[in-house]
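Participant: Sharing a structure, written as structure tokens. Questions coming.
The values are calculated or read from the model by the stated rules, or taken from the named source; none is laboratory data. None of the values given here were measured: they were computed from a predicted structure. Positions of Cβ are generated from backbone atoms using ideal geometry, with glycine treated the same way; all protein chains shown enter the neighbour counts.
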Amino acid sequence: MLYQDYDKDDSLSLHTDLYEINMMYTYFKKGIADRNAVFEAFYRSEPFGNGFAIFAGLERMINYLQSLHFSESDLAYLKETQNYDDDFIDYLRHLKLKLSIRSMREGELVFANEPLVQVEGPLAQCQLVETAILNIINFQTLLATKAARIKLAVQDDQLMEFGSRRAQETDAALWGARAAFIGGFDSTSNVRAGKLFGIPISGTHAHALVEAFGSEYEAFKAYAKTHKDCVFLVDTYDTIRSGVPNAIKVAREMGDKINFLGVRIDSGDMAYISKQVRKELDDAGYPDAKIFASNDLDETTITNLKMQGAKIDVWGIGTKYITAFDQPALGAVYKLVSMEGDNGQMHDTLKISSNAIKVSTPGKKQVWRISANTAKKNEGDWIAREGEDPTRYQALFMFHPQYTYINKVVTDFTAYPLLHDIFDHGKLVYKQPSLRGIKSFAAENLKALWDEYKRSLNPQEYPVDLSQDLYESKMSLIQDIRRKIRERGMSR
Ligand SMILES: Nc1ncnc2c1ncn2[C@@H]1O[C@H](COP(=O)(O)OP(=O)(O)OP(=O)(O)O)[C@@H](O)[C@H]1O
Ligand SMILES: O=P(O)(O)OC[C@H]1O[C@H](OP(=O)(O)OP(=O)(O)O)[C@H](O)[C@@H]1O
Ligand SMILES: O=C(O)c1cccnc1
């Protein structure tokens with residue numbers, strides 16, 4: 001197939017790893033494809049050494065799941081390349097989403113080892129959607145978290161997202177712009193993201209404009225005559241000697257005909273230069289003109305520049321945001337936690353590993369956020385078996401699932417569940433809030449988090465605890481499996 005034949009790319013159902021369809025085939029042939037199963041997606045450690053993550057990706061996940069079907073061209077391709085029998089191809093032809101899905105809401109604060117998405121339904125369908133779900137939430141959650149880190153560094157300054165040219169292809173630029181907005185950016189330079197998602201778009205101009213006119217004065221003047229809002233890029237030749245004086249000259253000449261919003265610097269020592277530029281603008285009578293800065297910035301450089309007293313008002317962030325430069329993957333996984341057996345009963349499943357952190361927690365679960373009523377801050381999250389309700393306790397015993405001697409009793413608390421129903425047996429039952437709603441939800445959530453979990457360097461570990469019942473059932477399942485392995489003589 002050539003790129004031109006991409007009109008045949010008429011569904012996202014093959015956006016999965018081959019092994020998922022191979023497993024579906026086995027389940028189908030062995031008659032267990034429609035057995036009920038529960039999978040949960042979670043990640044194992046906070047990205048960027050952060051103290052929290054911001055969940056994102058639900059919008060795209062919903063779109064993907066709603067349109068899930070195998071097109072005739074998908075089926076023809078599978079038939080041509082794989083040795084599947086016709087009855088399986090026919091089964092895929094008639095596949096209709098039957099899954100029940102619960103998920104964190106976009107903009108929710110989430111933490112390592114808690115289920116972010118829970119998929120329940122026919123085993124084969126649960127398996128099919130693994131790759132796309134992980135693909136979507138891994139990227140978008142990682143990026144929304146990176147955005148939140150950058151937002152915490154700039155505090156109340158304005159943040160512009162400039163990443164498209166450096167993103168890992170077009171989808172990443174688009175959904176990365178959306179995740180940036182959720183995490184705290186004010187605007188994006190990506191016009192399509194503006195059109196599709198309603199994110200405010202904004203931009204200045206590039207060095208090319210100055211080079212095209214051959215002089216800063218000519219370029220700024222031409223721009224000013226064609227635009228009301230003007231930010232001039234002043235570092236093409238010499239920021240202090242030529243860029244800023246030319247910007248001021250044009251601003252004076254144009255007077256009220258333009259809004260002289262400020263100047264952008266894109267190179268050099270930004271602490272030193274911004275202070276100089278601030279003085280020039282103030283002395284020229286433009287104290288409200290803002291200083292925009294860009295050039296490989298991230299939360300670390302921003303924090304450092306602020307420490308140096310840089311006079312920067314607006315931050316343009318591209319490469320290091322959109323590529324999640326310091327940690328390019330979140331590493332969320334998708335694990336089977338419960339499965340219908342031959343007797344029709346559901347039983348917990350578990351993946352054991354010699355690495356303690358990789359031992360999954362069995363059973364279908366709910367995550368409860370425990371919030372202290374007086375402080376109005378989160379005490380921690382409490383993962384419980386489905387049906388357990390912490391609100392029935394006056395005092396809640398919370399303990400670290402690995403170091404159980406780290407524990408506390410919480411009284412006077414409010415508990416609320418974080419996993420929400422999205423699909424019920426294939427039917428969408430969730431109404432997505434507006435993107436602005438999601439953005440303010442994220443900001444509100446961050447207010448309920450103690451500062452100790454929000455600092456960018458070595459934050460405190462937020463408590464993600466298991467209920468006593470869940471802890472005990474996990475321990476007893478581990479013992480059971482170990483015993484069975486020993487009895488079968490498979491262990492050393
Ligand atoms: N005062 C400062 N303190 C810390 N980092 C800074 C400071 N000023 C600039 N930076 C950062 O230093 C890095 C290196 O900038 P560099 O010197 O390579 O840019 P430049 O050479 O001036 O510009 P370019 O090569 O893009 O034309 C950039 O990530 C920039 O954001
Ligand atoms: O540095 P980022 O965080 O990625 O922000 C986006 C960069 O894109 C533009 O530069 P361009 O791509 O034209 O190249 P330049 O950096 O060499 O000027 C802009 O001037 C920023 O420097
Ligand atoms: O508008 C800008 O200044 C901009 C947009 C994208 C990349 N760099 C800068």
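Participant: Determine whether residue 95 is aliphatic (A, V, I, L, M) and surrounded by fewer than 20 Cβ atoms within 10 Å (Cβ to Cβ).
Facilitator: The answer is yes for residue 95.
Participant: Under 6 Å by Cβ, and 6 or more places apart or on different chains, what pairs join a residue from region 259-285 that is at pLDDT 95 or above with one that is in a loop (DSSP other than H, G, I, E, B) and more than 16 Å from ligand 1 (Cβ to nearest atom)?
Facilitator: 259/228; 260/289; 262/289; 281/289
Participant: Now for a separate question. Considering only region 347-365, state which residues are surrounded by fewer than 17 Cβ atoms within 10 Å (Cβ to Cβ) and outside any loop (DSSP other than H, G, I, E, B).
Facilitator: 347, 356, 357, 358
Participant: Sticking with this one: Counting only residues that are aromatic (Phe, Trp, Tyr) and part of a helix (DSSP H, G or I), which one in region 184-233 is farthest from ligand 3 (Cβ to nearest atom)?
Facilitator: Here the residue is 217.
Participant: Among the numbered criteria (1) more than 30 Å from residue 304 (Cα to Cα); (2) outside any helix (DSSP H, G or I), which single criterion is violated by residue 456?
Facilitator: (1)
Participant: Let me ask something else. Check whether at least one residue in region 277-292 is hydroxyl-bearing (Ser, Thr, Tyr) and within 13 Å of ligand 1 (Cβ to nearest atom), and report yes or no.
Facilitator: No, because not a single residue in region 277-292 is hydroxyl-bearing (Ser, Thr, Tyr) and within 13 Å of ligand 1 (Cβ to nearest atom).
Participant: Within region 297-317, which residues are away from ligand 2 (no atom under 16 Å from the Cβ) and small (Gly, Ala, Ser)?
Facilitator: 309
Participant: Can you name the residue in region 286-296 that is away from ligand 2 (no atom under 13 Å from the Cβ) and surrounded by fewer than 16 Cβ atoms within 10 Å (Cβ to Cβ) and is also nearest to residue 122 (Cα to Cα) among such residues?
Facilitator: Per the criteria, the residue is 288.
Participant: Among the listed residues 161, 169, identify the single one that is among the charged types (D, E, K, R), crowded, with 21+ Cβ neighbours inside 10 Å, outside the structural domain of residue 57 (by the TED database) and modelled with pLDDT of 95 or more.
Facilitator: Going through 161, 169 in turn, the sole match is 161.
Participant: Further question on the same structure: Name the residue, out of 356, 332, that is away from ligand 2 (no atom under 16 Å from the Cβ) and out of contact with any helix residue (DSSP H, G or I) (no Cβ under 9 Å at 6 or more places or on another chain).
Facilitator: 356
Participant: Starting from residues that are surrounded by fewer than 23 Cβ atoms within 10 Å (Cβ to Cβ) and not β-branched (Val, Ile, Thr), keep the ones in region 129-150 and report whichever is nearest to the chain's Cα centre (by Cα).
Facilitator: The extreme case among them is 138.
Participant: Here's another thing I want to ask about it. Mind listing whichever residues of region 302-346 are within 16 Å of ligand 1 (Cβ to nearest atom), surrounded by fewer than 19 Cβ atoms within 10 Å (Cβ to Cβ), more than 26 Å from the chain's Cα centre (by Cα) and of a type outside the set (D, E, K, R)?
Facilitator: 307, 308, 309
Participant: Still on this structure, please answer the following. Tell me whether region 387-409 contains one or more residues that are within 29 Å of residue 64 (Cβ to Cβ), assigned by the TED database to the domain that holds residue 472 and among the charged types (D, E, K, R).
Facilitator: Taking every residue of region 387-409 in turn, none turns out to be within 29 Å of residue 64 (Cβ to Cβ), assigned by the TED database to the domain that holds residue 472 and among the charged types (D, E, K, R).
Participant: Restricting region 234-259 to residues that are surrounded by 20 or more Cβ atoms within 10 Å (Cβ to Cβ) and more than 16 Å from ligand 3 (Cβ to nearest atom), which is nearest to the chain's Cα centre (by Cα)?
Facilitator: 244
Table: residues versus (1) within 16 Å of residue 39 (Cα to Cα); (2) in contact (Cβ under 8 Å) with a residue 40 or more places away in the chain.
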{"site": "341", "(1), (2)": "yes, no"}
{"site": "344", "(1), (2)": "no, no"}
{"site": "355", "(1), (2)": "no, no"}
{"site": "370", "(1), (2)": "no, yes"}
{"site": "373", "(1), (2)": "no, yes"}
{"site": "377", "(1), (2)": "no, yes"}
{"site": "382", "(1), (2)": "no, yes"}
